[in-house]
Each structure stands twice: as structure tokens, then as C-alpha cells.
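Derivation of every value follows stated rules applied to the coordinates shown; laboratory data play no part. None of these values were measured; they are calculated from a predicted model. Glycine also receives a Cβ, built like all others from the backbone with ideal geometry; neighbour counts cover every protein chain displayed.
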Amino acid sequence: MDFATQVLAYRNTYEITDQVIALGAEPDEYVPRRTSWHRELNKEPRRWQPCSAKPCGVSSGHRTVGSRS
């Protein structure tokens, strides 16, 4: 299951409605499955490398879809 699908499944399972924090707050009490799932999902985004200021995969000199030059 890819990361985005896991986040959506977590949000749906635990009825997370926070508009800013995708996983909501960390569970207040230890609930084995939920706590471990929350921790695992919290680690995942750190593996992704941030893009530079340019759109991902686009280097200077290449046209993007819809551009005219």
C-alpha cells in the first residue's frame, strides 16, 4: 500500500478530521495498533527528499506542459 493510501486509511479508520495535521494528534493513550500505525506513518515522510524551488523533475531549459516558448 503506498503512503498516501495508508494515510487515508488511517484518517478514515480513526475518524481524523484535522485539516492541517494529516494524522491528527498522537494518540493520548497507548493503543497498540493505532499507536504503532501512527508512529510508522510519522516516520514515512522523512524518507522523501524535498524538491527544489523548481517543479519536481523539471530542470531549466525544458518546457513544461502548457508552456509556450
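Structural remarks
- 3J(HN,Hα) along the stretch 30-39: 6, 10, x, 5, 5, 5, 5, 5, 4, 5 Hz, from the Karplus curve 6.51 cos²θ - 1.76 cosθ + 1.60 with θ = phi - 60°, whole Hz, x for Gly and Pro.
- Cβ-based exposure ranking for 7, 31, 20, in which fewest neighbours within 10 Å come first: 20, 31, 7
- The Rg/Rh ratio of the stretch 3-47, with Rg taken over Cα atoms and Rh as the Kirkwood radius over Cα pairs, comes to 0.92.
- Across the stretch 7-16, coupling constants 3J(HN,Hα) worked out from phi with the 6.51/-1.76/1.60 Karplus curve, θ = phi - 60°, read 5, 5, 5, 4, 4, 5, 4, 9, 6, 7 Hz, and Gly and Pro carry x.
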